[in-house]
Amino acid sequence: MPYDSKLYEMGDVESLKNSSSTTYDKKLGAQLSQQEIFGDVSSHTSDDDAIVETKLSWINTFAAKLNTETKGIEPVTEEEQNDSSLLNAASMWFSANMVLAAFSIGGLGPMIYDLNFGTCVLVIVFFNILGLIPVAFFSLFGPEFGLRQMVLSRFLIGNVTARIFALINVVACVGWGIVNTVASSQLFNLLGENSGHRCPLWAGCIIIIGATVMVTFFGLKIIHTYEKYSWIPNFAVFLVIIARLKMSGNFSGGEWTHGPTTAGNVLSFGTAVFGFAAGWTTYASDYTVYMPKNTNKYKIFFSLVAGLSFPLFFCMILGAACARGAVNDPVWGQYYETNSMGGLTYAILVPNSLHGFGEFCCVILALSTVANNVPNMYTIALSAQALWTPFSKVPRVLWTLAGNGAALGISIAAVYYFDAFMEYFMDSIGYYLAIYISIALSEHLIYRRNSFKNYNVADWNDNSKLPIGIAGTCALIVAAFGVALGMCQSYWVGEISRLIGDNGGDIGFELGASWAFITYNVIRPFELKYFGR
């Protein structure tokens, strides 16, 4: 059991004697090296699993010859933790958020929720902070345990619940890849509008997914290298947009408003901002597992906060400013109505503006989506492996290729027929992040006493020793009802959310998180008492 100290304090001597904890035992001080821990786990591999692994081993051999990462969800040993660069950790999220997608989220404030620029800035700063803190926090677990986020989740939210979230994560990774790819394809399609030689929508999808495959196939080392520099051209284009926005004279802050309707719009916009920032939470430790265990945790945390906050604030605030320009200029507004923020970007940079150079800038921003897709398509492999033990025998590179293939096939169809549906669907799936954060923080801060010592890494794949997930699954189910009552989307307005203002106010993630917290902390003590894990 992972709670030996708790058993000792309760006077349960017999249970303490039978405790399976090997990495942390206050009374016995028994410890095993990581080699012993991992050796014990691998010794329990079934014959069927061994056959599957043998059949697929040639793929890992081939990948290794290409200097490709072959590591899956098995824990990263201390000998393998050799990436001490804080810059790698911070730039990973800096580039992933210095993209067209973040810029588009900011535009929702004025265009969809009728908020002025000042209100948008306040919402963007507050809800981004709320969303990015959990990402930085859970990234600390990577160096400490060498566990990927969905494997770590078996300790944080329970074994069964973690596998449910792994499935949701697979869907989310593909879904966000599709939404991002469709948006970039639509921007590609606008190029050559005057000459009549437009890039076909399907070709735009192939360009984005093809570039994503090239980066994600080789693993974390190449991903870190790509993300370290990919933000530079994107940032340069955003500076050009700032200059063109200023020169157009279309920007105005707008009037401050108040009352229930404004409050509802603020909450709804805040939900979109929070969902984008917090979306990396279920990926967090995947990108820090190769950092040495003794790396200063405060430096990791604040490096990641910096790497997340600047691009999120910058891109979303600029998106809100450009959207305010579209409110004032009917031509820009028409481009937005036709092609969303991609159309608005084109309107700012190309016609009556920079023409050919503006089109080049649009190409750069369309390609920025690759930096946002890369974490999705790397993590999808790890989430699939964590979902079911036989899946872990399939090499990471195959899952990465399969995820990209699914995103490509669906995005080509979505860009023509159901791009709006995909956006609605992904807005809904984003609510699960708040539930995950609420449960995971409850477990670590309350039941693990905010201490890394109260985890036994040796149990990472032992179903008999991991928390079952009764409390976590119950919390997920109950919280889902809270989300349904509090969400405010074009296709569904909950009974509670519709009471806020004329248009309703989205409090789905707030209700989901609070209901999950209450349910989990009511049931978890009983789960510990009767199952001891």
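The values are calculated or read from the model by the stated rules, or taken from the named source; none is laboratory data. Remember, predicted model here, so these are calculated numbers, not experimental data. We place every Cβ from the backbone using ideal geometry, glycine too, and count neighbours over all the protein chains shown. Heads up: the accessible areas ignore ligands, DNA and RNA and are worked out on the full protein's heavy atoms, side chains in. Shrake-Rupley method; radii C 1.70, N 1.55, O 1.52, S 1.80 Å.
A single member of Thr216, Thr262, Thr212 is at pLDDT 95 or above, among the hydroxyl-bearing types (Ser, Thr, Tyr) and crowded, with 21+ Cβ neighbours inside 10 Å, and it is Thr212.
Taking the stretch 380-408 on its own, how many of its residues are among the aliphatic types (A, V, I, L, M) and either touching a Lys or Arg at 6+ places or on another chain (Cβ under 6 Å) or open to solvent by less than 30 Å² (accessible area, probe 1.4 Å) (or both)? The qualifying residues number 8. Filtering the stretch 246-269 to residues that are within 19 Å of Gly109 (Cβ to Cβ) and either assigned to a loop (DSSP other than H, G, I, E, B) or in contact with a helix residue (DSSP H, G or I) (Cβ under 6 Å, 6 or more places away or on another chain) (or both) leaves Asn250, Phe251, Ser252, Gly253, Gly254, Glu255, Trp256, Thr257, His258, Gly259, Val266, Phe269. Among the residues of the stretch 72-117, count how many are hydrophobic (A, V, I, L, M, F, W, C) and over 30 Å from Phe141 (Cβ atoms). Selection size over the stretch 72-117: 7.
Could you tell me which of the residues Val397, Val331 is assigned to a helix (DSSP H, G or I) and closer than 30 Å to Lys221 by Cα? Checking each option against the conditions leaves just Val397. In the stretch 410-428, which residues are of a type in the set (A, V, I, L, M) and surrounded by fewer than 17 Cβ atoms within 10 Å (Cβ to Cβ)? Once the filter is applied, which keeps residues that are of a type in the set (A, V, I, L, M) and surrounded by fewer than 17 Cβ atoms within 10 Å (Cβ to Cβ), the stretch 410-428 yields Ala413, Ala420. Taking Ala366 as the residue in question, decide whether it is in a helix (DSSP H, G or I), over 28 Å from Pro233 (Cα atoms) and of a type in the set (A, V, I, L, M). No: the conditions fail for Ala366.
Screening Val123 on (1) open to solvent by 10 Å² or more (accessible area, probe 1.4 Å); (2) within 14 Å of Thr262 (Cα to Cα) shows it passes everything except condition (1).
Among the residues of the stretch 503-512, the one identified as crowded, with 22+ Cβ neighbours inside 10 Å, over 17 Å from Tyr424 (Cβ atoms) and out of contact with any Leu (no Cβ under 7 Å at 6 or more places or on another chain) is Gly512. Among the residues making up the stretch 490-502, those that are at negative phi and either of a type in the set (A, V, I, L, M, F, W, C) or buried (at least 19 other Cβ atoms within 10 Å of the Cβ) (or both) are Trp492, Val493, Gly494, Ile496, Ser497, Leu499, Ile500. All of Ser285, Ser353, Ser383, Ser368 fail the test of being in contact with a Ser or Thr (Cβ under 7 Å, 6 or more places away or on another chain), touching a residue at least 12 places away in the same chain (Cβ under 8 Å) and among the polar types (S, T, N, Q), apart from Ser285.
From the list Ile477, Ile435, the lone residue that is open to solvent by 10 Å² or more (accessible area, probe 1.4 Å) and at pLDDT 95 or above is Ile477. Take Gly405 and tell me if it is over 25 Å from the mean Cα position of the chain (by Cα) and in a helix (DSSP H, G or I). When the stated conditions are applied, Gly405 does not pass them. Exactly one residue out of Ser185, Ser139, Ser153, Ser230 is within 27 Å of Ser91 (Cα to Cα), touching a helix residue (DSSP H, G or I) at 6+ places or on another chain (Cβ under 6 Å), open to solvent by 10 Å² or more (accessible area, probe 1.4 Å) and among the polar types (S, T, N, Q), and it is Ser230.
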